[in-house]
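For reference, the structure is listed below as structure tokens.
The values are calculated or read from the model by the stated rules, or taken from the named source; none is laboratory data. All figures in this text were calculated on a predicted structure; none of them were measured in a lab. Note that we place each Cβ from the backbone using ideal geometry, even for glycine, and neighbour counts take in every protein chain shown. Side chains included, ligands, DNA and RNA excluded: accessible areas come from the protein's heavy atoms. Shrake-Rupley method; radii C 1.70, N 1.55, O 1.52, S 1.80 Å.
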Amino acid sequence: MDLSLHRVELMHGQAMAKGTLKVLPVGKKKGQKVAVGDDSGVLTVLYMKKGEVHVEWKSQPLGREITTVVMQAGKDKLFAGCGQSIHGYNRKGKEFVKIKTNLTETIHHLFVDENMIWTGCEYIMNIYDQCKDFGFVMVDDRINDLTCTPVAPGDMLSAVVACQDKFLRIYHGEKLFHEFPVEGPATSLGFFGDNPADKELKKQSAADVSMLYGTETGVVGLCKVDAKVVRRIVNIADRQQRPGMSGPAAGTRRGRVSALHTADIVKSGVLDIIVGREDGNLEVWSLGEGGASPSSTRLEQVPPSLTYELCLQESIQALGSGNITAGEHNEIVLTTYGGRVLGFTPSQAARDPTGSEMAHLEDATASSGASSMLSSIVSSKKKLMSQAEESTVKQERERRHKALEVEVEKLRKDLDKERLQYQRLSGEQIAMQTTTKVTHRFNLNSEEACYVLTVDSQAPLELVSLRADVEVDLLDHEGTGAILSRSRGDPVNPLLATYRIQEPGSRFQIRLRTVEGLHGTVSCFVLPQTSPKTAHLINLAVKPLSLHEKIGEVPQEVPMSELKLTGPFTVTDMHQWLSLCVNELPSRPTHDEMAIAYKSTFVGTLLLGKYQKGFASFKSDSITTISVLKDLITKEATARKISLKPQVDVKPETFPRFLELIHPKLAFQHALTQQVRMVEPLREVQLQEGETKFLAPELQIVLQHATEIQQQFELQPQRLAFLHNIVIAAYRHKWRLRGYQSVDHRVKDLSRLLDAYNMDQIAAFFDEPID
């Protein structure tokens, strides 16, 4: 069943953080109120009456941006996190409590029970009882979301934490109660139905809790949690078609999940899953008959179906639902990064928000007596609605027309006032402070073995420029339309590129691939369409092992070379050195003995490591990885005047495995290069002969797919050289770690073998002695 929702603009404020929206419970009136907090530090409660948005109350500016807004479990009291402070408000807007914590990190997540408060910062979760410290937990990796629900036995709620290291962790007080691996870095949490932590539900809470989680890889999962175990029920991992592409590469995973909610939007008696994503996608998923009591068996037979999808072109920060417009419908309400508060309702009255569609049709009909087509359109629209609905729509149109006239006049006066003020200031001072907020995310996409740089701006973007002091391969871009201009680089700045934005848009995404073994910085200059012109500088660190991602399960019986390091270093020293090589490490070590497991997203090789005070051991089936680690760690230790004793054990059996892993990519790229060379001669033959049936079948296939082959080659023209360099680097590092500083005389022979490309010959070359 297709769901039809109509958009309603509720408010436009300053930029909003994740989780800064709450829908208040039903009060004396039918319509529910909405509380939002933004970067101005003001908490606003608004409601709709007769189609108009009214502000119930606003808090005093809190001095810093609001980072989270929650309601006390089972009550209608609002709590806002702002910097290191917590502010509590009753339903009338009176501030009844203000807690100044002793935290050093900003409070990003908050949960309030009767007398207890849980706060989530970047890595630390704190618990307060009666506004006094009760406990704290240093979580193993960054906290992306936090909520509480009854899981462990007893009256105290358990905290559920979504972590960057691909785990959901459940804590009972300070004790780790459950640890549940998920498909990617966990970014969002929600409940399938109401949270049993609400007082009305806690007395009759079920044996288990149905929870939703979202990941950075776009997967939405439903699981059941109880005191004994966490069980996965179903995953929503549907793929999107990338516009303008076809074939296997066209399907791309969905964007990072930023908000989750459940509500019965279509009034079918079954809850729908509402998903908000970082790329602006709003989705409503129906579980069908399996949604009444979700179980893995029923949902395998009838998987979730997508009933509604809309892209807002800017990141969705929070989701809620309720009777917002005071009608008879359950409506979705959300906030976006740019500060918009939007409602989505099935109500027909919101179908034509300004009444312009109907007015244009009626005006056209009145001005042209013979316009039977337009008359039929109007009459057909009227037939779809009952007489009562038609009357409601007409009244709504007239009311909105008057409201728009008043609003336009007010905006005109405000604009004139601001223009005069800015002109006065411009004559006296030079603008230095930025006038809009810009944020970014730089994540590794493991499927495509590339980095995705996402830029979000509060104002529309004008251009994005990139400069890098390290080799970076630009792949493609998404979001708003843009023209890429590249300048010839130099040894200091090999990458100089500018994207000129052609269409209005506040979100831009660039895919780029780094070269492992090299490290440096990519500088991104973002220029929004604001006055005065102010560029925002974003610095992105490119690490030597940048294409490695953290993994949970380690394959057994893989031959690996080993690097052992001993010396007077601490766990923190080794952790800091290692963080210069790989991503996804916590900011500080969480145990006396640390263990890591990584996998190369491009080649597929592994990196395993253990380190403690005075000793570290790293294993990998890639000799290049071992060499890069040895060089960087010894360099950093020397700079700190710490003497290290490195010992490398090179296993010859790792090289056949390495070549086996890279063989499919090399074979495909060689075949593609040969096909590209044949396209033009074959087209010449076709032009002269007219008929090509006499050609071999494989040549006919090349001719039929000539355009696609050329396009694919143009997207990644340096890929073959890139792959050759990986093999040559592995050969150099093999002999360098065995004491041979120069192997240039052998590299030329290896390059010739790679050009001819025969895997057996290359494997035999690796086994030959160097002399």
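When N counts the residues of the range 531-680, how does its alpha-carbon radius of gyration compare numerically with 2.2 N^0.38 Å, as a ratio?
Dividing the Cα Rg of the range 531-680 by 2.2 N^0.38 Å gives 1.29.
Extending each Cα 7 Å along its Cβ direction at Y740 and V554, get the distance between those two points in nm, one decimal.
Result: 3.1 nm between the two label points.
Please compute the length gained on full extension between R640 and R64, using 0.36 nm multiplied by the number of residues separating them and subtracting their Cα-Cα distance.
Contour length minus Cα-Cα distance gives 203.5 nm.
To test your reading of the geometry: what angle, between 0 and 90 degrees and rounded to tens, separates the Cα axis of helix 372-384 from the longest principal axis of the chain?
80 degrees
Under 20 Å from the Cα of K267, which aspartates and glutamates turn up, not counting those fewer than eight places away in the same chain?
Answer for K267, where 20 Å is the Cα cut-off: D2, D194, E283, E289, E309, E328, E331, E389, listed by chain and number.
Give me the extension gain from K228 to H12: residue separation times 0.36 nm, minus the current Cα-Cα distance, reported in nm with one decimal.
Contour length minus Cα-Cα distance gives 73.2 nm.
Give the angle, between 0 and 90 degrees and rounded to the nearest 10, that separates the Cα long axis of helix 706-715 from the longest principal axis of the Cα atoms of the chain.
90 degrees
Please work out how much accessible surface E398 shows to a 1.4 Å probe, ignoring ligands, DNA and RNA, in Å² rounded to 10.
100 Å²
Please identify every one of the trypsin sites (Lys or Arg not before Pro) in the range 67-107 that sits in a loop by DSSP and has no more than 10 other beta carbons within 10 Å of its own beta carbon.
Passing both the DSSP loop test and the Cβ count: K92, K94.
Each label point is 7 Å from the Cα along the Cα-to-Cβ direction; what then is the distance between the points at W57 and D490, in nm?
Taking the two extended label points, one gets 6.3 nm.
Under 5 Å between amide hydrogens, which residues at least 5 positions from R340 or on another chain qualify, with H placed 1.01 Å from N in the peptide plane?
When sequence neighbours closer than 5 places are left aside, the close amide H contacts are G13.
By how many nm would the segment from D198 to E409 grow when fully extended, if each residue of separation counts as 0.36 nm and the alpha-carbon distance is taken off?
71.4 nm is the gain from fully extending D198 to E409.
Out of the trypsin sites (Lys or Arg not before Pro) in the range 589-676, which ones are loop residues according to DSSP with at most 16 other C-beta atoms within 10 Å?
Listed in order of number, the matching sites are K613, R640, K641.
Have a look at C450, C131, L110 and report the one farthest towards the positive end of the charge dipole of the chain, computed about the Cα centre with Cβ charges (Lys/Arg +1, Asp/Glu -1).
Selected residue: C131.
Determine which aspartates and glutamates satisfy two conditions relative to K92: a Cα distance under 18 Å, and not lying fewer than 8 residues away in the same chain.
Output for K92: E56, D76.
What's the carbon and sulfur percent of the range 649-771's accessible surface, probe 1.4 angstrom, rounded to a whole number?
51 percent
Determine the dipole magnitude for the range 671-759: charges of +1 sit on the beta-carbon of Lys and Arg, -1 on that of Asp and Glu, nothing else is charged, the reference point is the Cα centre, and the result goes in debye to the nearest 20.
Computed about the Cα centre, the dipole is about 840 debye.
To test your reading of the geometry: what angle, between 0 and 90 degrees and rounded to tens, separates the Cα axis of helix 387-428 from the longest principal axis of the chain?
Taking the Cα atoms of the chain, the angle to 387-428 is about 60 degrees.
Along the charge dipole of the chain, pointing to its positive end and built from +1/-1 on Cβ of Lys, Arg, Asp and Glu, which listed residue (F192, Y611, G93) has its Cα farthest out?
G93
Using the beta-carbon distance between V26 and Q686 and R0 = 45 Å, what value does 1/(1 + (r/R0)^6) give for FRET efficiency, to the nearest 0.05?
For V26 and Q686, the calculated efficiency is 0.05.
If R0 is 41 Å, what FRET efficiency do you get for S523 and E105 from their C-beta distance, rounded to 0.05?
After rounding to 0.05, the efficiency reads 0.95.
Projecting each Cα onto the charge dipole of the chain (Lys/Arg +1, Asp/Glu -1 at the beta carbon, about the Cα centre), which of S158, L629, L682 comes out farthest on the positive side?
Highest projection toward the positive end goes to S158.
Pop a pseudo-label 7 angstrom from the Cα along the beta-carbon direction at both A237 and L580 and give the gap in nm to one decimal.
Each label point lies 7 Å from its Cα, and together they span 3.7 nm.
What dipole magnitude, in Debye to the nearest 20, does the chain give about its Cα centre under +1 on Lys/Arg Cβ and -1 on Asp/Glu Cβ?
Computed about the Cα centre, the dipole is about 1840 debye.
What is the total of Lys pairs in the range 622-717 with C-alpha atoms under 17 Å apart, excluding same-chain pairs fewer than 8 positions apart?
For the range 622-717, qualifying lysine pairs total 4.
Could you tell me what percent of the accessible area of the range 546-635 is made up of carbon and sulfur, with a 1.4 Å probe and every protein chain present?
Here it works out to 49 percent.
How high is the FRET efficiency between K533 and L306 when r is their beta carbon distance and R₀ equals 41 Å, given to the nearest 0.05?
0.50
Whole number in Å², please: accessible area per residue of the chain, 1.4 Å probe, ligands, DNA and RNA not counted.
49 Å²
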